[in-house]
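Following: one structure in structure tokens, then a few remarks.
The values are calculated or read from the model by the stated rules, or taken from the named source; none is laboratory data. Just so we're clear, the structure is a prediction, and the values are computed from it rather than from any experiment. Note that each Cβ is placed from the backbone with ideal geometry, even for glycine, and that neighbours are counted across all protein chains shown.
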Amino acid sequence: MNDMRLIDRAVDMKDIKIAARDVQVYYGDNHAIKDVNVDIADKTVTAFIGPSGCGKSTFLRSLNRMNDTIDICRVEGNILLDGEDIYDKQVDPVQLRAKVGMVFQKPNPFPKSIYDNVAYGPRIHGLAKNKADLDEIVEKALRRGAIWDEVKDRLDKPGTGLSGGQQQRLCIARAVATEPEVLLMDEPCSALDPIATAQVEELIDELRENYSVVIVTHSMQQAARVSQKTAFFHLGNLVEYGETGQIFTNPVDPRTESYITGRIG
Amino acid sequence: MTDQHILSAYDRDLEAIQALVMKMGGLVEAAILDGAQSLETRDVELADKVRQGDKAIDALELRINEEAARTIALRAPVSKDLRTVLTVMKIAGSLERIGDYAKNMAKRTHVLAEMTPINGPDAALRRMAREVQGMLRDVLDAYVRRDAELAEQVRMHDQDVDQMYNALFREFLTFMMEDPRNITACMHLHFIAKNVERMGDLVTNIAEQVIYQVTGEIPDEARPKGDITTSVSKVE
């Protein structure tokens, strides 16, 4: 661990990975995300916090077009990944999702072996030339998921046979196997015990070396622990976005203050 | 926007700690006044009461620090709640120091009671102590009302105390030069004056904590300082 981070979580905003401009999301007539403008930095953990129904998950899902699967959902505005509009007609959502990986609230391993869970993405994207290549990718991903030592002797066993915390780390390994550039995490620890949570948080901090990580969390302590930047959403608006230390010691907006201190907003 | 937590026990915890700070503030205010009065009237009994009273002040500081540590551990306060917990600890620390100075004033009363009184400075010292007690009362008010403006006024007011101290400093020099038999008493009185001046500085520290509590920012050092005795070399 780099100890400087404990005190100084300054982020270099020169490397912007994702830029959202005037983003609106509608579910039918319901205006779920209103005028969101945000720059998400590369090699940084960005936390989205806010009460249930504030739009944080909706906004997260619009970053890799997961909302495309919902018929009544409509996204307006621009979301740029490295300056390219991800909603451009030329963009293949499947390719986009290989670049922008996602981990969900409940661990959802495929009903396959541990090995196949991780090998699935690299196979369909043709990332491995041969079996040895694939073996290497799987090992590397499992090591990055901080679960290699626990599963290396049982790679052919079903992924569903692992404990909850192990399953979630397996899902993270599966998400990083396709070498994404951005990792979206929607409440990745809500189904985990404190030890497994700490392991996943340690993992998130390590992933920051290589990826831009965006995490939605209901646990404000988790946002405070793992992120460098925090965004507070309320009623579909991005109320405040800033350095995590500042948000948790001296937020600018009274709505942020009320929410993080556990008062009624 | 409501000021109450969803979890009302959290509010009760924070209120309880702040009530302890106010109680401590009240005891310290009384110690300053009683200390100054015991000095002026050479009232040894009152001075003893001040010395005894300091134990309660010290105990309150310990209690406040314990409660603050508990709140940090159990409630993980953030933002203004975190500032509340941090400021109660710092304010309690400053109050404890002020209490010590008041106790020291009472201790010297014992010694001075044995000596020939020196008239002029006693009244001036009492005025100075009253001034500091008034500042402390105002800053505690500012704390309760979360009034950064009043805290800033108190902070600026400290230079008056500094000036009173400068005047006393010169007065003591004069007394000592006039009659060397005054030296022992004047040395004690000078220590008292210096201690009261330090109390004023501690009150301004509290004022800074109040401003931090309210605004989230510690005011910068640009505060008029009136103690110029470091450059005094002779009495004109």
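Regarding B:Val28, is this residue touching a residue at least 40 places away in the same chain (Cβ under 8 Å), more than 14 Å from chain A (Cβ to nearest Cβ) and within 14 Å of B:Gly93 (Cα to Cα)?
yes
Exactly one residue out of B:Leu7, B:Leu14 is buried (at least 16 other Cβ atoms within 10 Å of the Cβ) and within 14 Å of chain A (Cβ to nearest Cβ), and it is B:Leu14.
Taken over the stretch A:74-107, the residue count meeting the criterion of being closer than 13 Å to A:Arg61 by Cβ, out of contact with any strand residue (DSSP E or B) (no Cβ under 7 Å at 6 or more places or on another chain) and assigned to a strand (DSSP E or B) is 0. In the condition set (1) of a type in the set (A, V, I, L, M, F, W, C); (2) in contact with a Leu (Cβ under 9 Å, 6 or more places away or on another chain); (3) within 30 Å of B:Asn65 (Cβ to Cβ); (4) in contact (Cβ under 8 Å) with a residue 60 or more places away in the chain, B:Val154 is compliant with all but (4).
Would you point out the residue of the stretch B:182-229, among those that are in a helix (DSSP H, G or I) and either within 14 Å of chain A (Cβ to nearest Cβ) or modelled with pLDDT under 90 (or both), that is surrounded by the most Cβ atoms within 10 Å (Cβ to Cβ)?
At the first step, the residues of the stretch B:182-229 found to be in a helix (DSSP H, G or I) are B:182-215, B:229.
Filter once more, keeping what is either within 14 Å of chain A (Cβ to nearest Cβ) or modelled with pLDDT under 90 (or both): B:182, B:211-215, B:229.
Details: B:Asn182: 18, B:Ile211: 23, B:Tyr212: 19, B:Gln213: 21, B:Val214: 19, B:Thr215: 14, B:Thr229: 17.
It comes out as B:Ile211.
Checking each residue in the stretch A:214-238 for being outside any helix (DSSP H, G or I) and touching a Cys at 6+ places or on another chain (Cβ under 8 Å) picks out A:Thr217, A:Ser219, A:Phe233, A:His234, A:Leu235, A:Gly236. Screening B:Arg146 on (1) within 14 Å of chain A (Cβ to nearest Cβ); (2) free of Cβ contacts under 8 Å to residues at least 24 places away in the same chain; (3) surrounded by fewer than 16 Cβ atoms within 10 Å (Cβ to Cβ) shows it passes everything except condition (2).
Among the residues making up the stretch B:75-106, a single one is among the acidic types (Asp, Glu) and in contact with a helix residue (DSSP H, G or I) (Cβ under 6 Å, 6 or more places away or on another chain): B:Glu96.
Output the residues belonging to the stretch A:247-265 that are at the interface with chain B (Cβ under 7 Å from one of its Cβ atoms), crowded, with 20+ Cβ neighbours inside 10 Å, without any contact (Cβ under 8 Å) to a residue 24 or more places away in the chain and not in a loop (DSSP other than H, G, I, E, B). Across the stretch A:247-265, the qualifying residues are A:Glu257, A:Ser258, A:Arg263. If you filter the stretch A:206-242 down to residues that are of a type in the set (D, E, K, R) and under 19 Å from A:Val36 (Cβ atoms), you find that the one that is nearest to the other protein chains (Cβ to nearest Cβ) is A:Glu240. Note on the stretch B:57-70: residues that are among the hydrophobic types (A, V, I, L, M, F, W, C) and surrounded by 14 or more Cβ atoms within 10 Å (Cβ to Cβ) total 4.
Can we say B:Tyr101 is buried (at least 16 other Cβ atoms within 10 Å of the Cβ), more than 14 Å from chain A (Cβ to nearest Cβ) and in contact (Cβ under 8 Å) with a residue 40 or more places away in the chain? So B:Tyr101 fits the description; yes. Output the residues belonging to the stretch A:78-98 that are closer than 29 Å to A:Ser52 by Cβ and surrounded by fewer than 17 Cβ atoms within 10 Å (Cβ to Cβ). A:Asn78, A:Pro93, listed by residue number.
Here B:Thr87 fulfils each of the conditions (1) within 14 Å of chain A (Cβ to nearest Cβ); (2) surrounded by fewer than 22 Cβ atoms within 10 Å (Cβ to Cβ) apart from (2).
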